[in-house]
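Every read-out reported here was derived from the displayed coordinates using simple, explicitly stated rules and does not represent laboratory data. What you see is a predicted model, and the numbers here were worked out from it, not measured in a lab. For neighbour counting, all protein chains shown are included, and Cβ atoms are generated from backbone atoms with ideal geometry for every residue, glycine included.
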Amino acid sequence: MLFQLNTSDDRPIYAQIGDQVKFAVAAGSLKAGELVPSVRELARQLVVNPNTVARAYRDLQNEAILDAVRGTGLQVSQGAVEVCREARRGFVRRRVREVLDEAKRSHLPFEEIEAILREEWGRGQNGVAATESKGGGR
């Protein structure tokens, strides 16, 4: 399982780690009962202080997403999938709302916003913008 930190993200590193675990569970990359990397292992992978990873894991335990398994480590809890899917929806919804608010403030017409959304969705799905793949674009 690979985690990546976004240095341009304003959120604390422990929150980014927590969200990535939630997104991995929501997407099925981490399944109920599966162990997450140890604090030391993930801290070494991300080149962060182990206390940062420990805080993220502690928060995830408080949210009932991770359970401690005595002598083994932390595993994804049985009820985590739906909790994580809801968290992912909420996260994306907040981000989309921010973008839409910005677009409205800049007086972009709805059709243009929709076109941008479709283009960016295509870029994310195919690795290239939808208009570029149709011969348009740059």
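With the requirement that a residue be aliphatic (A, V, I, L, M) and either more than 21 Å from Phe91 (Cα to Cα) or exposed (fewer than 14 other Cβ atoms within 10 Å of the Cβ) (or both), what does the range 56-66 give you?
Taking the range 56-66 first, the residues aliphatic (A, V, I, L, M) are 56, 60, 64-66.
Across the range 56-66, the qualifying residue is only Ala64.
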Restricting to the range 1-39, name every residue that is aromatic (Phe, Trp, Tyr) and within 21 Å of Val69 (Cβ to Cβ). Phe3
Looking only at the range 36-92, which residues are within 11 Å of Gly18 (Cβ to Cβ) and of a type in the set (Gly, Ala, Ser)? Ala56, Ala87
Considering every residue within the range 42-50, establish whether at least one is in contact (Cβ under 8 Å) with a residue 40 or more places away in the chain and closer than 20 Å to Gly79 by Cα. no
Filter the range 1-55 down to the residues that are in contact with a helix residue (DSSP H, G or I) (Cβ under 7 Å, 6 or more places away or on another chain) and basic (Lys, Arg), then identify the one that is nearest to Gly90 (Cα to Cα). Lys22
